[in-house]
Amino acid sequence: MNSLMNAAGHEERARLDQTPEWHALAKHREEFGDTHLRTLFAEDPGRAERYALRVGDLHLDYSKHLITDETLRLLRELARATGVAELRDAMFAGEKINITEDRAVLHTALRTPESATIEVDGENVVPKVHAVLRKMGVFAEKVRGGHWTGHTGRRIRTVVNIGIGGSDLGPAMAYEALRPYTTREMDFRFVSNVDGADLHEAVRDLDPAETLFIVASKTFTTIETITNAKAARKWLLDGMGGDTAAVAKHFVAVSTNAAKVAEFGIDTDNMFEFWDWVGGRYSYDSAIGLSLMVAIGAEHFGEMLAGFHLVDEHFRTAPPEANAPLLMGLLGIWYGNFHDAQSHAVLPYSHYFSKFTAYLQQLDMESNGKSVDREGDPVNWQTGPVVWGTPGTNGQHAYYQLLHQGTKTIPADLLGFARPVGELGELRDQHDLLMANLFAQGQALAFGKTADEVRAEGVPEEQVPHRTFRGNHPTTTILAKELTPSVLGQLVALYEHKVFVQGAVWNIDSFDQWGVELGKVLAKRIEPALVEGAEVEGLDASTKGLVDHYRSLRGR
Ligand code: F6P
């Protein structure tokens, strides 16, 4: 690692943009210029074969990137110089690498086999992880089998998860992704928004006697979740004659905060625990995934955890040249820091991945949307990209125009599965068309269509510029045989560690989220002004005007 001693004799890390490795990459970028993927492929026939990786069930093709062997070498040098491997090992070992919250970062312990030992503050956390998994499994199978009944003895038909951020996006995303693995005899809904419409639409057609609420909140203080949970409790009691004894059979909690769970009125026997070393956006393989486990069963949940673990082990042990999360992280750095790319598109060619990109938005943007380094100094380099995208082929008829012919550099991941889901029946035949679109987009983005090719089709000269595709848009294609619980775990772990790599190189704390606090505080302050017209100190003229206008529109 590039380091020097400060006056106190401590090792200080050199500023990223002052390292020789950074300068070497900047020079390489200059030399690279506008080199086209057409040229790179023409000059290097072995490229497609060489720039491919296999991790578990995932096949990664990264040949359509604006890179050469030299680019990759220099990027790996940067990773070496910035101590990515050392920080990775510290994370896996349970060291407190979340420095601003003084916490270990151990989502990897959530999917480690029971035989492992991982200590936090001298205590092995692995037995606790497996004890909670077992408790979840017993509960999930009881609900699925109709043995956990509601207050009036009826079986549970609908599970409503109430949570937000990591306590919503993970289970909601995975539930959608694994629909074919879910019990079709029950319904699962996810309520997150403090907009009352969310809860209203989720419960309006439900029978309280057959409904189970899972209140999922790491802190159990998040205003949206507590507000919705209270409203759900009222809905339940209104529908069940006001008998408060019903709460115990219709509410369970997932949290790190037993005191707050008890204060809310949920029996802590019906609480599923996790720990402060699990970040919210890294938590759906903890008890936060309880709703998912009820949906897919403990066995499939276990398969998903095994998929996570497989990629954890790959990340921990694979050499840099064959390390997929390292590679993906470094490619993002190449574009964000040396090509001025501002965003990164994730384009899954699977309807079941409808929430995958939304999930990755929190994972990536809450982790790496930072502008000071680990020492608290402003960074002089770009950090996390804007992550966006929706499933193909819908996006093709919306924003792909900009990807193909716009002015921006937007690296993209194209994700697809070779085999359609079994239960699609005859609709399976549509799968080849879906995947043909994925492959076509990768090809069109990379190689485009030259003016000469357009002319050769007899297009009038004045239209040629409009119908030309510059190409040279980089993509990674990730292909797996089938979307199984294990493959989902593998993919999520791949992105988790990619985000880790980037945070490590940028020298930021990827595991805090102070940037969400200010808005929360201000909302609390502004609410009385909306409700009671209270004088709120510190309102700027624009916000005050909006508050007044809002009140008059509300008829207050
Ligand atoms: O406000 C951001 C955040 O803290 C996320 O990091 C977290 O996933 C979400 O809120 C929900 O927090 P909790 O699980 O404590 O309710």
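The values are calculated or read from the model by the stated rules, or taken from the named source; none is laboratory data. The shown structure was predicted, so the numbers you read here are calculated from the model rather than taken from an experiment. Backbone-built Cβ (ideal geometry, glycine too); neighbour counts: all protein chains shown. Each accessible area value is taken on the protein alone, full model and side chains, heavy atoms only, with ligands, DNA and RNA left out. Shrake-Rupley method; radii C 1.70, N 1.55, O 1.52, S 1.80 Å.
Below is a table of values for the structure above.
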quantity	calculated
Degrees between helix 541-553 axis and first principal axis of the chain (Cα, 0 to 90, nearest 10)	50 degrees
Whole-percent carbon and sulfur share, accessible surface of the stretch 84-193, 1.4 Å	48 percent
Antiparallel DSSP beta bridges within the stretch 94-192, percent to nearest 5	45 percent
With at most 12 neighbouring Cβ atoms within 10 Å, loop GluC sites (Glu not before Pro) (DSSP) excluded, longest segment of the chain	186-374
Qualifying trypsin sites (Lys or Arg not before Pro) for the stretch 156-223 [loop in DSSP, other Cβ within 10 Å: at most 15]	Arg184, Arg204
Normalised alpha carbon radius of gyration of the stretch 406-484 [divisor 2.2 N^0.38 Å]	1.44
Sequence-separation-based contact order of the stretch 363-520, relative, with Cα cut under 8 Å and 6+ spacing, percent	35 percent
Sites Thr409 and Leu433, calculated FRET efficiency, Cβ-Cβ separation with R0 25 Å, nearest 0.05	0.30
Net lengthening on full extension, Glu114/Gln443 (0.36 nm per residue, minus Cα-Cα)	114.0 nm
Stokes-Einstein D for the chain, Kirkwood Rh over Cα pairs, 10 °C, 1.306 mPa s (µm²/s)	62 µm²/s
Accessible area (Å², per residue) of the stretch 390-439, counting only protein heavy atoms and a probe of 1.4 Å	57 Å²
For the stretch 112-260, accessible area per residue (1.4 Å probe, heavy atoms of protein chains only), Å²	42 Å²
Net length gained if the chain between Arg154 and Ser542 were fully extended (0.36 nm per residue, minus Cα distance)	134.3 nm
Farthest positive-ward along the chain dipole, Cα basis, beta-carbon charges - from Thr182, Ala24, Thr543	Thr182
The stretch 486-542, dipole about Cα centre (Lys/Arg Cβ +1, Asp/Glu Cβ -1), debye to the nearest 20	340 debye
Net charge contributed by nearby residues that have their C-beta within less than 14 Å of Asp312 (K/R +1, D/E -1)	0
Average Cα contact separation per residue, the chain, under 8 Å, 6 or more apart, as relative contact order %	18 percent
Value at 222 nm in deg cm²/dmol, rounded to 500, when DSSP H runs of n ≥ 4 in the chain each add -39,500 (n - 2.57)	-13500 deg cm²/dmol
Nearest-ten-degree value, helix 517-532 long axis tilted from longest Cα axis of the chain	50 degrees
Calculated FRET efficiency for the pair Glu31/Asp207, C-beta based, R₀ 51 Å, to 0.05	0.15
Cα-based equivalent ellipsoid, the stretch 444-556: semi-axes from gyration tensor eigenvalues, Å	49, 30, 16
Helix 126-144 vs. the chain, principal-axis angle (Cα, 0 to 90°, nearest 10)	60 degrees
Bridge type composition, the chain - antiparallel percent by DSSP, nearest 5	35 percent
Assigned charges on the beta-carbon of Lys, Arg, Asp, Glu; the chain dipole about Cα centre (debye)	980 debye
